[in-house]
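S.K.: Before we start, here is the structure in question, set down as structure tokens.
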Amino acid sequence: MRLLAIETSCDETAAAVMSDNQLLSNTIATQEIHQLYGGVVPELASRAHVQRLVPIVKMALAQAQLSQNEIEAVAVTYGPGLMGSLLVGVSFAKGLALQLGVPLLGVNHMEGHLFSTNIKPEGPTPPFLSLIISGGHTILTYVRAWGEYQILGQTQDDAAGEAFDKAAKILGLPYPGGPAVEKLANRGNPQAITFPQARLKPNAVNQSFDFSFSGLKTAVLYYVRKLSVDELEKQRADIAASFQYALINALVENVARAHKVFSTDAVALAGGVACNKTLRQAFFQAGAQHGFQLHFPEPIFCTDNAAMIARAAQFHLANGKRSPLSLAPDPGLALK
Ligand code: KG4
Ligand code: ZN
């Protein structure tokens with residue numbers, strides 16, 4: 001099936017065309033305006049989607065060398081995400097599906113991230129463990145089969161990417177903070193400072209695989225506050241490296257514990273933070289130690305994109321799933 005997929009859940013305006021499981025095009029416009037504000041401003045994000053979505057869709061069709069009349073289905077992210085941003089994508093997709101007279105399918109953005117390791121054919125086969133680490137989410141999932149997901153752990157406060165962004169702000173680095181912290185950390189000593197690592201105990205409501213990063217962020221803040229301007233300048237790289245080390249360690253430990261329970265052959269990483277090379281190395285080492293194969297998407301498929309939405313949609317469309325034209329955005333949509 002030739003499919004156009006649209007992703008506008010946050011600050012990336014993206015479109016992709018897929019024919020069966022072959023990706024024909026993948027276009028994306030990143031909204032740089034948010035850098036001025038140190039984080040995503042929802043109102044500006046929706047306005048930018050309105051301006052950019054049509055050109056991005058036209059570009060995706062042109063790169064796929066298809067006219068819009070050759071599209072056989074339209075897929076769109078309908079949650080979770082920012083209400084205004086989702087509304088732009090969902091309304092556009094509904095209008096296009098109506099005009100072309102083709103099926104519409106709403107896709108869960110988090111399920112898209114789960115499929116992001118499988119845009120290329122060499123991805124993992126269920127059952128496997130998947131860790132989605134992005135600016136808004138930190139979710140460890142047992143993928144029993146495609147479409148059958150068990151959430152094992154989530155962050156109780158900041159997401160992993162959010163922690164990177166906040167640590168970057170404390171260190172005077174630009175937004176988004178992850179790439180800047182990683183670059184600075186490459187010059188620092190990860191053992192220089194011991195930052196705390198939350199180890200959450202299981203209780204009646206949460207499982208033992210939950211995450212917490214707000215304590216780590218606060219520890220960085222308190223550490224930096226005690227330093228003079230000169231001391232901070234001298235220690236910035238060490239602080240970045242030690243922060244990154246503590247965060248990565250927390251992720252690896254939780255995944256390794258979950259792997260002991262679920263013994264899957266594969267572990268997949270997804271989301272913007274999975275671009276981090278030090279993190280990938282740490283997971284490769286853990287894989288060698290605990291006996292799992294590591295899968296991660298190439299960077300363009302780690303951050304938000306429409307190719308992963310197309311891949312998830314292909315699976316559901318092939319199984320006969322369709323959405324009504326009354327489809328509405330669901331900003332708090334959970335992964336089920
Ligand atoms: O998946 P994504 O593009 O958007 C969300 O759905 O949130 O993830 C963005 C997040 C940001 O917090 C950014 O700082 C982080 O991913 N990130 C990184 C790296 N590249 C992006 N974090 C650590 N290291 C990186 N190299
Ligand atoms: Zn995302």
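The values are calculated or read from the model by the stated rules, or taken from the named source; none is laboratory data. A quick note: this is a predicted structure, and the numbers were derived from the prediction, not measured. No Cβ is skipped: glycine too gets one built from the backbone with ideal geometry, and neighbour counts run over all protein chains shown. The accessibility values were calculated without ligands, DNA or RNA, using every heavy atom of the protein model including side chains. Shrake-Rupley method; radii C 1.70, N 1.55, O 1.52, S 1.80 Å.
S.K.: Mind checking region 215-284 for trypsin sites (Lys or Arg not before Pro) that DSSP puts in a loop (not H, G, I, E or B) and that have at most 13 other Cβ atoms within 10 Å?
M.R.: Lys226
S.K.: Let me ask something else about it. Under a Cβ-only charge scheme (Lys and Arg +1, Asp and Glu -1), can you give me the dipole magnitude of region 125-296 about the Cα centre, in debye to the nearest 20?
M.R.: Roughly 200 debye, rounded to the nearest 20.
S.K.: While we're looking at this one, here's another question. Taking the chain on its own, what percent of its Cα-Cα pair distances exceed 32 Å?
M.R.: Counting pairs separated by more than 32 Å, the tail of P(r) holds 31 percent.
S.K.: Okay, next question. Carbon and sulfur: what percent of the chain's accessible surface (1.4 Å probe)?
M.R.: 53 percent
S.K.: How many Å² of accessible area per residue for region 125-296, probe 1.4 Å?
M.R.: 47 Å²
S.K.: Then there is this: Let me know the longest stretch in the chain that avoids all GluC sites (Glu not before Pro) found in a DSSP loop with at most 14 other C-beta atoms within 10 Å.
M.R.: 123-336
S.K.: Quick check on the chain: of the DSSP beta bridges with both residues there, what percent are antiparallel, nearest 5%?
M.R.: Roughly 60 percent of the DSSP beta bridges within the chain come out antiparallel.
S.K.: If you take the charge dipole of region 271-336 about its Cα centre, with +1 on Lys and Arg Cβ and -1 on Asp and Glu Cβ, which of Thr278, Ala318, Cys302 is farthest toward its positive end?
M.R.: Of Thr278, Ala318, Cys302, it is Ala318.
S.K.: Let me ask something else. Note down the relative contact order for the chain as a percent, whole number, built from C-alpha pairs under 8 angstrom at least six residues apart.
M.R.: Relative CO of the chain lands at 24 percent.
S.K.: May I have the convex hull volume per residue, in Å³, for the Cα set of region 125-296?
M.R.: 105 Å³
S.K.: Follow-up question, since we're still on this one. Would you mind estimating how fast region 1-72 diffuses translationally, via Stokes-Einstein at 4 °C and 1.567 mPa s with the Kirkwood radius over Cα pairs, in µm²/s?
M.R.: 102 µm²/s
S.K.: Considering only Cα-Cα distances, which of the following residue pairs are longer than 31 Å: Lys120/Lys217; Lys58/Lys336; Lys58/Lys166; Lys120/Lys260; Lys217/Lys321; Lys120/Lys321?
M.R.: Table pairs above 31 Å Cα-Cα are Lys120/Lys217; Lys58/Lys336; Lys58/Lys166; Lys217/Lys321.
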